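This report refers to the structure that appears directly beneath it.
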Amino acid sequence: MYETVMSHFPRQEMPNNSPKLLDLLDDTVPGIGTYEDFNTIDWVREKSKDRDRHREITNKSKQSTVALLFSISDAFSGWLLMLLIGLMSGALAGGIDIAAHWMTDLKEGVCLNGFWFNHEHCCWASNETTFQERDKCPQWKSWAELMVGVSEGPGLYVVNYFMYMCWALLFAFLAVILVRAFAPYACGSGIPEIKTILSGFIIRGYLGKWTLIIKTITLVLAVSSGLSLGKEGPLVHVACCCANVLCHFFTKYRRNEAKRREVLSAASAVGVSVAFGAPIGGVLFSLEEVSYYFPLKTLWRSFFAALVAAFTLRSINPFGNSRLVLFYVEFHTPWHLLELIPFVLLGIFGGLWGAFFIRANIAWCRLRKNTCLGHYPVLEVVVVTLLTAFLAFPIEYTRMSSSELISELFNDCGLLDSSKLCCYTSNSGSASGSVNATAANGLGARLVGPDLYTAMWQLALALLLKMIFTVVTFGMKVPSGLFIPSMAVGAIAGRLLGVCMEQLAIRHHEGDIFRGWCSPGADCITPGLYAMVGAAACLGGVTRMTVSLVVIMFELTGGLEYIVPLMAAAMTSKWVADALGRESIYEAHIRLNGYPFLEAKEEFRHKTLATDVMQPRRGDPLLSVLTESRMTVEEVERLIADTTYSGFPVVISQQSPRLVGFVLRRDLVISLGEKNARRNQEGVVSMSPILFTECDPPMSPSAPPAVKLRSILDLSPFTVTVHTPMEIVVDIFRKLGLRQCLVIQNGRLLGIITKKDILKHMAQMANRDPDSILFN
């Protein structure tokens, strides 16, 4: 597959008075082997470094007890790091849940017993709360009651409306200001960038401590503002920030970028685990959606870290219901085989919604990026928040938080429910606040009542508003997740369809289709199940998740018998969305931002060769190379100054361009810097020769001392021939995580192919602008 040619000079005795060679192998030079910002790591070199380190520790452990203990602690350090990540992420997620719940209720009123109580906790402690009006208690006062002393009438509505908008604007403004001032990387979901980082790209500061602090604070503010966004995607970013910060306390992970990415893969699983209370689903999400390199060892550690995080969150109990999420539900009515038809219809709707959302959101983000709209991010956030709050307050289902809305829609109506969605009527026309209260009246007790008709119209309007505002909100300069808004859209559509199916079954229960579905005193159909299936379908259409999505929804509901409807909806959603566009929302944002990411799911079907892609092309300047023994410090420094390449091939000579190896630009700059080569030995001047040879060539006694850089030379760079098909080259880059690949013919260096060249070529083959892949 590849070939490396090295030059071997005959060993000669050096005169006693000859200058000493400066060999950078003697002492490790700080900075060698590290990477600059916005560069790709060398996976092969990083894994090789880790194997060498592990081999050295194993050999030393046989020599002394201290070395053996160090070896044991080194092996245990990975599990200790997973434990710390789980504890830290779970604690932060619990704090975010509690704060967001309290601040969301703060927009509507305050608790007199203690301002730190949210609405639900405030009324729990009240002895005057009735079952029928358990959301109302004397201790909880709306802003109108506090400010103007009115408890009913139009004045109450107007003041509460005004205060709701003021609090929403304040929260959103604080969020965008904090992001702009302290951590610009804290905006957005974070999952597209994490996918890119896990593929080997370096974005310094994206997972830093300031990003962690600001993202945690602004995530609470953004969710509380009432914008159409969720906290679940950003929680993955928060967990990865925790992992990156903690990695700095462990030498093994601090000094090796590939090992650190194994930890970040596990942290992605932790983020989903605390977001949905789904440890297994989190591990599968990391494996299916975000991870680039996921060995078996990482699978075990991801499972352990997700378990610790879920246990920590359960110990905090942020919602006071012994559950990890606000919308945990349990259904008891079995589903019927023919219900697969509406479930598939929900899958089709989810696929259509996913394709529409991706195209609309990318078009809006591109408009923001290429026009003056992008120059005023604070104004954009304020205007969108103002419109969202203005239109959301009049409708009950848009005024509440998205998590509460999903909980309401998933709800299986029972005796204890006073929701409008459970307000059915009997044949005689008497309304019922709950289902089972009038079950004795027979099947007519499940007919739609006036309140439920009102709720259906409000849900239809809420669906339209949610779709519009989610398109506009995702991508603004505040932390914004996509899971919950997408699930809310699907849950609304599913609940509407579920109620329609329920009424069809009741009104035609003697027909051939619905015979046997209904029986007195029991539910014919569970509308909440349709909401859950619709939520899974819409989330799958946007993210293209399948296996992990079904497992997450299963862990949310705890019902094994509903896996088949979820699988049917998820697969249908993916097929429909893929037919209209192959990219998920995360891949679309990766391409929009120009990140150098090679998507493993995208097949390369074109019959081109390496010679069609390699640089230099015909008519271009010759490839910049170094020779192994005939260049001086001045010539190398001039070459570095005149070019911007990340590395240089090393050949025997310009006349005989047979490949010796490859050296990185950063390693060259550090090795030849004033603090290294010229500091370690006096006499190194601009005319000092640079040697990449293994043997010491004969030198004149009067010649300046040579600088030997063989230690930074990669002697086994990956190479292909000019006739190698590009589909093989693309597979090599994907599976080995290469930065570059050298093109040779009969051992002679002809060109180089970089990751950027491949991305440009793939864009060109797809009839896209090749320059669109450039990182901005």
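Can you tell me how many residues within region 197-223 are in a helix (DSSP H, G or I), crowded, with 24+ Cβ neighbours inside 10 Å and of a type in the set (Ser, Thr, Tyr)?
2
Looking for whichever is assigned to a loop (DSSP other than H, G, I, E, B) and outside the structural domain of Trp210 (by the TED database) here; the options are Val325, Val344. Which one fits? Full working, then the answer.
Working: Val344 fails: assigned to a loop (DSSP other than H, G, I, E, B).
The unique qualifying residue is Val325.
Among the listed residues Glu404, Glu408, Glu396, which satisfies the condition of being at pLDDT 85 or above, buried (at least 20 other Cβ atoms within 10 Å of the Cβ) and under 30 Å from Leu170 (Cα atoms)?
Glu408
Answer yes or no: is there a residue in region 513-532 that is outside any helix (DSSP H, G or I), in contact (Cβ under 8 Å) with a residue 40 or more places away in the chain and aromatic (Phe, Trp, Tyr).
Checking region 513-532: at least one residue is outside any helix (DSSP H, G or I), in contact (Cβ under 8 Å) with a residue 40 or more places away in the chain and aromatic (Phe, Trp, Tyr).
Determine, yes or no, whether Thr454 is farther than 30 Å from Ala222 by Cβ and in contact with a Ser or Thr (Cβ under 7 Å, 6 or more places away or on another chain).
no
Which residues, taken from region 347-371, are more than 18 Å from Val564 (Cβ to Cβ) and either part of a loop (DSSP other than H, G, I, E, B) or aliphatic (A, V, I, L, M) (or both)?
Leu352, Ala355, Ile358, Ala360, Ile362, Ala363, Leu367, Thr371
Yes or no, residue by residue, for (1) open to solvent by 70 Å² or more (accessible area, probe 1.4 Å); (2) modelled with pLDDT of 85 or more:
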position: Asn59; (1), (2): yes, yes
position: Ser64; (1), (2): no, yes
position: Met82; (1), (2): no, yes
position: Ile85; (1), (2): no, yes
position: Gly95; (1), (2): no, yes
position: Glu128; (1), (2): yes, no
position: Glu152; (1), (2): yes, no
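Residue by residue through region 42-79, note down the ones that are in contact (Cβ under 8 Å) with a residue 24 or more places away in the chain and assigned to a helix (DSSP H, G or I).
If the condition is that a residue be in contact (Cβ under 8 Å) with a residue 24 or more places away in the chain and assigned to a helix (DSSP H, G or I), then Trp43, Val44, Arg45, Glu46, Lys47, Lys49, Asp50, Arg53, Asp74, Ser77, Gly78, Trp79 are the ones that fit.
Scan region 232-255 and tell me whether some residue there is touching a Pro at 6+ places or on another chain (Cβ under 7 Å) and of a type outside the set (A, V, I, L, M).
Among the residues of region 232-255, at least one is touching a Pro at 6+ places or on another chain (Cβ under 7 Å) and of a type outside the set (A, V, I, L, M), which makes the answer yes.
So, in region 224-250, of the ones that are closer than 25 Å to Phe76 by Cα and not in a helix (DSSP H, G or I), which residue ends up least open to solvent (accessible area, probe 1.4 Å)?
Among them, the one singled out is Phe250.
Can you run down the residue pairs with Cβ atoms below 6 Å, 6 or more apart or on separate chains, where the first is in region 286-308 and closer than 22 Å to Ile732 by Cβ and the partner is modelled with pLDDT of 90 or more and open to solvent by 30 Å² or more (accessible area, probe 1.4 Å)?
Final answer for the pair search is Phe294/Leu287.
The values are calculated or read from the model by the stated rules, or taken from the named source; none is laboratory data. This is a predicted model, so every value here is computed, not measured. Methodologically, a virtual Cβ is constructed for each residue, glycine included, from the backbone with ideal geometry; neighbour enumeration extends over all protein chains shown. Keep in mind that these areas ignore ligands, DNA and RNA; they rest on the heavy atoms of the full protein, side chains included. Shrake-Rupley method; radii C 1.70, N 1.55, O 1.52, S 1.80 Å.
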